[in-house]
Amino acid sequence: MSLEGKPEHPAPHFEYVDRKSPEIMEGLAQAQIYKKVSIVRARPAIAGERITTTLVDGREETSNRAQEGEWVVTNSQGEEYIVPEEKFNVKYQKGSEEGIYRAVGFVRAFKNPFGKPIEIQGKRSSLRKGDSDCFIVDGCDEEGVSNGEPYLVDGSVFAKTYATYTHS
């Protein structure tokens, strides 16, 4: 806080963007394919518990309540998020230690083209926020066929979670 009681770094203004706008969907259709390469911790969620995804810089990205059968995943940056069981079973493989999993799968992604912080409606009810360096991401298969459900990933998290993939 400054001497006047104002925050030294005011909260950024997030511009709302339709996550399925032509600009985003066309960008994803042409985007590079990446392979997930990260290790995560995971545990079964407790029905009703609130999980708030807080980015490495301390900003709150989203907050949701877990439902029966869902998992709480913690990535290498300490961000927690909820994953439905059917998706968890496809996106993660059990590691050699209890509670450790390897992320598997592919995404199409491109850097935020708007040049400013954005927010999009998440698949769940809450808004997802990303800064000007975030990536717009959509799960896809190895051939690059997208799921059609774009979401945001913090730029520093993206760099530690994904590697460029070239289909052979």
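Gln77 passes every criterion in (1) under 26 Å from Asp131 (Cα atoms); (2) in contact with a strand residue (DSSP E or B) (Cβ under 9 Å, 6 or more places away or on another chain) apart from (2).
Among the residues making up the range 108-154, those that are under 27 Å from Pro44 (Cα atoms) and part of a loop (DSSP other than H, G, I, E, B) are Gly122, Lys123, Arg124, Ser125, Ser126, Asp141, Asn147, Gly148, Glu149, Pro150, Asp154.
Being surrounded by 15 or more Cβ atoms within 10 Å (Cβ to Cβ), out of contact with any Phe, Trp or Tyr (no Cβ under 6 Å at 6 or more places or on another chain), closer than 28 Å to Tyr16 by Cα and at pLDDT below 95, is that true of even one residue in the range 134-143? Taking every residue of the range 134-143 in turn, at least one turns out to be surrounded by 15 or more Cβ atoms within 10 Å (Cβ to Cβ), out of contact with any Phe, Trp or Tyr (no Cβ under 6 Å at 6 or more places or on another chain), closer than 28 Å to Tyr16 by Cα and at pLDDT below 95.
Among the residues of the range 95-111, those identified as farther than 18 Å from Val72 by Cα and without any contact (Cβ under 8 Å) to a residue 60 or more places away in the chain are Ser96, Lys111.
The values are calculated or read from the model by the stated rules, or taken from the named source; none is laboratory data. What you are looking at is a predicted structure, and each value in this text was computed from that prediction instead of being measured. Positions of Cβ are generated from backbone atoms using ideal geometry, with glycine treated the same way; all protein chains shown enter the neighbour counts.
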